[in-house]
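To keep things clear, I will list the structure first and then write my remarks on it.
Each reported figure results from applying straightforward, stated rules to the coordinates on display, with no laboratory input. Treat the numbers as computed from the prediction; the structure is a model and nothing was measured. So basically every Cβ, Gly included, is an ideal-geometry build from the backbone, and we count neighbours across all protein chains shown.
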Amino acid sequence: MSKANRRQAAAYQRMVNRTTPKRPLARNLFWAFVVGGSICLVGQVVLAAIVAMGDLTPKEASTPTVGVMIFLGALFTGLGLYDRLAPLAGMGANLPITGFANSMVSPAMEFRREGFVLGVSARMFTVAGPVIVHAVTTAVMVGFIQYVLGK
Amino acid sequence: MNAAGKRIGSQTLVFPGRPAVQSGASVVGPKEGSGPLGQYFDVVKGDTLLGDRSWERAEVRMLGEAVELAVYKAGLKLQDIQALLCGDLLNQITASSFAARELPFPLVGLYGACSTFVEGMSLGAMMVDGAYATAVVAAASSHHDTAERQFRYPTEFGNQRPPAAQWTVTAAGAVVLGRGEGPHVTFATLGRVVDMGAVDVNDMGSAMAPAAAETIWQHLQDTGRKPSHYDLIATGDLGRLGRKLCMELLRRRGLDVSGNFADCGCLIFDFTPEVHCGGSGCGCSAAAFAGYFLGELAAGRLNRVLLVATGSLHSPGSSQQGESLPGIAHAVAIENPGQEGSSP
């Protein structure tokens, strides 16, 4: 791009920024809180139920709770409902573990037409892959810091 | 104008042989069918999969159906058609190629992103005007779900899109261009690629608006016409934001189009929160023109239409590598016989 074109482009981008509708922040935050909070409430109920039924400590019950929530996230993705929640709830739907299940199951469903190996298996991580990489890397780093500081 | 009288200005082609838009057909999905233009489309499908095993196959079938229906409506047989000028948004334009696999005439596969329909009409008019064909079909298609899975996220992935986003339409449109009856293609203005540095793949409207403004301006320069010459100047799929930006860009160049400016992407859907800024995709301008504008031209409610299809020429890979979104817009003037008015 020439200098004149760059200047013109910059002026246009300023015009675009002025004209572009803003994200409705208050509404997005409200629904993220309501939906995300509701998902967490369900998780809390599941946890309490497992604690009561399995005679486990809350800490022991957390892993099966996560399993149940992943199952529910996958189920609602499979039923075609989870993607309808997210446009309203945004991170409220993406951040809980159910959102992680959605990010794994949705590409698996999407690419089953391309076959089981090169479709489902290979593409399953297209959305969640980067999240897993960064989460594991962060966990290792935090674990190392914890080790060095001696807890 | 040069000696042959077929060029005017720097980018505009003239068609003295007056190729006609003999017929048009549109096949759309349920969401488009329940939108404001629903009653004008020839076929409205009940679902986006058509009972088939993939969305890609559904798109192929919709495109094929639009082409065959357009030929039938022109009173022709498939054997009378000499070429299909067609494109879509899929990788390697497979919707077009696979639809043409079932058809007994040659395919000229085109890619101009969402500008493809007018690219096809321009080339078709050239073929007919140049006597290289007596009848050709120009067509284009897009499908919401095939586009989503290729350009964005898996369709079942929960994703909150920004307000500037648009909704890819599920639609196919086709027109027969030939020597028969119908409104004439009088001019085509081929568009330059215009890149104003837009990088947001969730905002196609602002990436394409400068190209649209450029082509409209160039068309009016080349032909010496005023915006008011046209009953309607219709852009392809700028959406609400792009439409606003395009009008502002034209206003800054001294052109007032506020009275007769429409955008197919704004016409095709009711503005529900899901749709954000409106419709997009090759099928948007194709179905809106073949379904709606052509009927209005036939009824005489519109006599002079400038159709400006707009495309963003990026790929998912190019934008991930940090490239900006180059826009393009092609324009064709379609006018009822005897209604062209005074033109230079």
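Go ahead and estimate [θ] at 222 nm for the protein assembly as shown from helices alone: -39,500 (n - 2.57) per DSSP H run with n ≥ 4, summed, over the residue count, rounded to 500. It would help to have the intermediate numbers written out before the result.
Working: 18 runs with 222 residues, N = 495.
Per the formula, -14000 deg cm²/dmol.
Place a point 7 Å from the Cα of B:GLN92 along the Cα-to-Cβ direction; which residues of the range B:102-117 have their backbone N under 18 Å from it?
Residues B:102, B:107-112 fall inside that zone.
Net charge near B:GLN339, counting Lys/Arg +1 and Asp/Glu -1 over other residues with Cβ under 14 Å of its Cβ?
That sum, taken over residues with Cβ under 14 Å, equals 0.
A:ARG6 to B:GLN150: FRET efficiency via 1/(1 + (r/R0)^6), r the Cβ-Cβ distance, R0 30 Å, to the nearest 0.05?
With a Förster radius of 30 Å, E is 0.45.
In Å, what is the Rg of the alpha-carbon atoms in the protein assembly as shown, and how long is Dmax?
25.5, 94
Return the average number of partner chain Cβ atoms within 10 angstrom of each residue Cβ along peptide B:191-203.
For peptide B:191-203, the averaged partner shielding equals 3.
Diagonalise the Cα gyration tensor of chain B and give the resulting equivalent ellipsoid semi-axes, square root of 5 times each eigenvalue, largest first, whole Å.
Working through the eigenvalues yields semi-axes of 28, 24, 18 Å.
Give, as a single signed number, the net charge of other residues whose beta carbon lies under 10 Å from the beta carbon of B:HIS276, with Lys and Arg counted +1 and Asp and Glu -1.
Residues near B:HIS276 contribute 0 overall.
Could you state the number of Å between the C-alpha centres of the range B:295-344 and the range B:215-293?
Rounded to whole Å, the Cα centres lie 8 Å apart.
Would you check the protein assembly as shown for Lys pairs whose C-alpha atoms are within less than 29 Å, ignoring same-chain pairs closer than 8 in sequence, and give me the count?
Here the count comes out as 11.
Rank-order B:58-64, B:198-204, A:117-123 by packing density, defined as the average count of other C-beta atoms within 10 Å over each peptide's residues, highest first.
B:58-64, B:198-204, A:117-123
Can you list which of the DSSP-assigned H helices in chain A have a Cα extent of 15 Å or more along the long axis and an average Kyte-Doolittle score of at least -0.5? Working shown, then result.
Details: long enough: A:3-19 (24 Å, -1.45); A:25-54 (42 Å, 1.79); A:58-78 (29 Å, 0.80); A:97-110 (20 Å, 0.54); A:128-149 (31 Å, 1.65).
The answer, listed by residue number, is A:25-54, A:58-78, A:97-110, A:128-149.
If each residue's Cβ is checked for other Cβ atoms within 10 Å, how do B:SER315, B:SER97 rank with the fewest at the top?
Fewest-to-most ranking of B:SER315, B:SER97: B:SER315, B:SER97.
Note down the net charge around B:HIS314, summing +1 for each Lys or Arg and -1 for each Asp or Glu among other residues with Cβ under 13 Å from its Cβ.
For residues surrounding B:HIS314, the net value is -3.
Using θ = phi - 60° and the Karplus curve 6.51 cos²θ - 1.76 cosθ + 1.60, what whole-Hz ³J(HN,Hα) does each residue of the range B:317-324 get, with Gly and Pro shown as x?
x, 5, 6, 5, 7, x, 6, 7
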